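Heads up: the structure comes next, in structure tokens.
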Amino acid sequence: MRILIVLGCLGMGLVSGGVEEVMREPGMRGALEWMRTHQGWTLEQQISICEIAAPPFGEAERGKEFARRLGELGMEEVRTDSEGNVISRLPGTKGGKPVVVLSAHLDTVFPAGMDVKVYREGKRLRGLGMGDDCRGLAVVLTVARALREVKVEIPGTVLIVGTVGEEGQGDLRGVRHLFTKELAGQVDAFISVDGTGWRLTTRGVGSNRYKVTYKGRGGHSYGAFGMPNPAHAMGRAIARLADITVPQTPRTTFNVGTVTGGTSVNSVPIEVSMEVDLRSESPRELAALDERMKAALEGGLEAEKKRWPESKAPIELEVKSIGVRPAGEVGDDEPIVRKAMAAAQALGLPVLATGSGSTDANLPISLGIAAVTITGGGFSPNAHSIDEWYEEREDAYKGPQWAAVLVKLLAGN
Ligand SMILES: [Zn+2]
């Protein structure tokens, strides 16, 4: 975390004039006022979109409804791409540069078949995904409606998007498709609205995930003793992995998350597997850790072979990638960060420092495209848990306002 007194000063000196100008424009003033007085509408959108299930790889139904709403709000060229992302264009901005994408993710972490109804318990709205990321979807719909109804003039092109596959298993497949195929080379800036509260994420924590398998011939634990044992090889590899030292800054971590395999206590296993998760804020550190992990896996295999030099029984190692999230960082001095910070300050939001996270913005950041993730306001503490709930706050309307001001600052004014 950086302390943002310096950043604050930069913001004031170089861009806050722009923010104040933008916020004083009659069109924008109208849109900001509209968002404040329609806070209830935003919350209705959040609840109703959340009551449509969107499990990993099963976002189609929610995507269809999101697309329908965008059409109803007057967005143009509403379409669903071959991966399932919903894309639309704010009217009146066709072909203009720069191209800015305002996006939230459609998917949740929750499997199909769970109860997605939203229940009111006092001030709390209990519902799976209410904060992550039904809030973001509602914010995006609100910005689309406000900018359209009040007819805010924006010279650039604004694309309003809902992505699929943001959460773990999805491996950013939606946003990856967007930036490598659907909109490849076209996007100048990307804003993801993800989660609640007030945070600005500018550093994408990268991760590499692997399924690692050791395979051997197997046999009786007593009768066949004396051959390389896949479980022992994996144990040696885990011990090597566990001893790797990683920097604290940039934060870099590793984890063996699951260990499975074997058939019985008195059999040399034919196969054992583990899943490994490596993370870092720095692409360089992640790559270095990746190399060292692979060396540890090979080292475990070789040491187990050496233990039984007489044995002809084969043993092998298989390393399969099950997830890649690129790491990357947008510097605090980059215009998109300064503008996001200045917009937050102008709205009186307590955003004091930039943070790191793993979101849709990782992908464009890794490609060198200006991208940030902002939050949508309100309060929701238990994302990814079945105890997820959302509490509306008096100033939650500032979520859509933050996104709208940033869109306007980025798409030209
Ligand atoms: Zn999310």
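The values are calculated or read from the model by the stated rules, or taken from the named source; none is laboratory data. Model, not experiment: these values are computed from the prediction. Cβ atoms come from the backbone with ideal geometry, glycine included; neighbour counts cover every protein chain shown.
Given the condition more than 15 Å from the ligand (Cβ to nearest atom), more than 30 Å from R284 (Cβ to Cβ), in a loop (DSSP other than H, G, I, E, B) and among the polar types (S, T, N, Q), answer yes or no: does some residue in segment 392-406 qualify?
Within segment 392-406 (the criterion being more than 15 Å from the ligand (Cβ to nearest atom), more than 30 Å from R284 (Cβ to Cβ), in a loop (DSSP other than H, G, I, E, B) and among the polar types (S, T, N, Q)), the answer is no, since none of the residues qualifies.
Given the conditions (1) surrounded by fewer than 16 Cβ atoms within 10 Å (Cβ to Cβ); (2) part of a loop (DSSP other than H, G, I, E, B); (3) at pLDDT 95 or above, which single one is not true for E316?
For E316, the exception is condition (2).
What are the residues in segment 144-191 that are part of a helix (DSSP H, G or I) and hydroxyl-bearing (S, T, Y), if any?
Selection gives T180 alone.
Which residue out of R124, R120 is out of contact with any Asp or Glu (no Cβ under 7 Å at 6 or more places or on another chain) and more than 16 Å from the ligand (Cβ to nearest atom)?
Sole residue among the options that is out of contact with any Asp or Glu (no Cβ under 7 Å at 6 or more places or on another chain) and more than 16 Å from the ligand (Cβ to nearest atom): R120.
Out of P269, P250, I need the residue that is at pLDDT below 95, touching a helix residue (DSSP H, G or I) at 6+ places or on another chain (Cβ under 9 Å), in the same structural domain as A287 (by TED's automatic domain parsing) and buried (at least 17 other Cβ atoms within 10 Å of the Cβ). Which one?
P250
So, in segment 177-212, of the ones that are of a type in the set (K, R) and in contact with a Gly (Cβ under 8 Å, 6 or more places away or on another chain), which residue ends up farthest from the ligand (Cβ to nearest atom)?
Looking at residues that are of a type in the set (K, R) and in contact with a Gly (Cβ under 8 Å, 6 or more places away or on another chain), I get R209.
Going through segment 329-356 one residue at a time, which ones are crowded, with 18+ Cβ neighbours inside 10 Å and either in contact with a Phe, Trp or Tyr (Cβ under 7 Å, 6 or more places away or on another chain) or at positive phi (or both)?
If the condition is that a residue be crowded, with 18+ Cβ neighbours inside 10 Å and either in contact with a Phe, Trp or Tyr (Cβ under 7 Å, 6 or more places away or on another chain) or at positive phi (or both), then A343, A344, L347, L349, V351 are the ones that fit.
Can you run down the residue pairs with Cβ atoms below 9 Å, 6 or more apart or on separate chains, where the first is in segment 249-271 and of a type in the set (D, E) and the partner is in a strand (DSSP E or B)?
Every condition considered, the pairs that remain are E271/T213; E271/Y214; E271/K215; E271/G216; E271/G261.
Answer yes or no: is there a residue in segment 170-177 that is farther than 28 Å from R209 by Cα and at pLDDT 95 or above.
Within segment 170-177, not a single residue is farther than 28 Å from R209 by Cα and at pLDDT 95 or above.
Of all residues in segment 28-79, how many are touching a residue at least 12 places away in the same chain (Cβ under 8 Å), part of a strand (DSSP E or B) and buried (at least 17 other Cβ atoms within 10 Å of the Cβ)?
Within segment 28-79, residues that are touching a residue at least 12 places away in the same chain (Cβ under 8 Å), part of a strand (DSSP E or B) and buried (at least 17 other Cβ atoms within 10 Å of the Cβ) number 0.
Show the residue pairs meeting these rules: Cβ distance below 6 Å; 6+ apart or different chains; first residue within segment 104-123 and within 25 Å of L178 (Cβ to Cβ) and not assigned by TED's automatic domain parsing to the domain that holds R393; second residue modelled with pLDDT of 95 or more and within 10 Å of the ligand (Cβ to nearest atom).
Once the first residue is within 25 Å of L178 (Cβ to Cβ) and not assigned by TED's automatic domain parsing to the domain that holds R393 and sits in segment 104-123, no partner that is modelled with pLDDT of 95 or more and within 10 Å of the ligand (Cβ to nearest atom) comes close enough.
Quick one: which of L106, L102, L43 is more than 16 Å from the ligand (Cβ to nearest atom) and hydrophobic (A, V, I, L, M, F, W, C)?
Unique residue meeting the criteria: L43.
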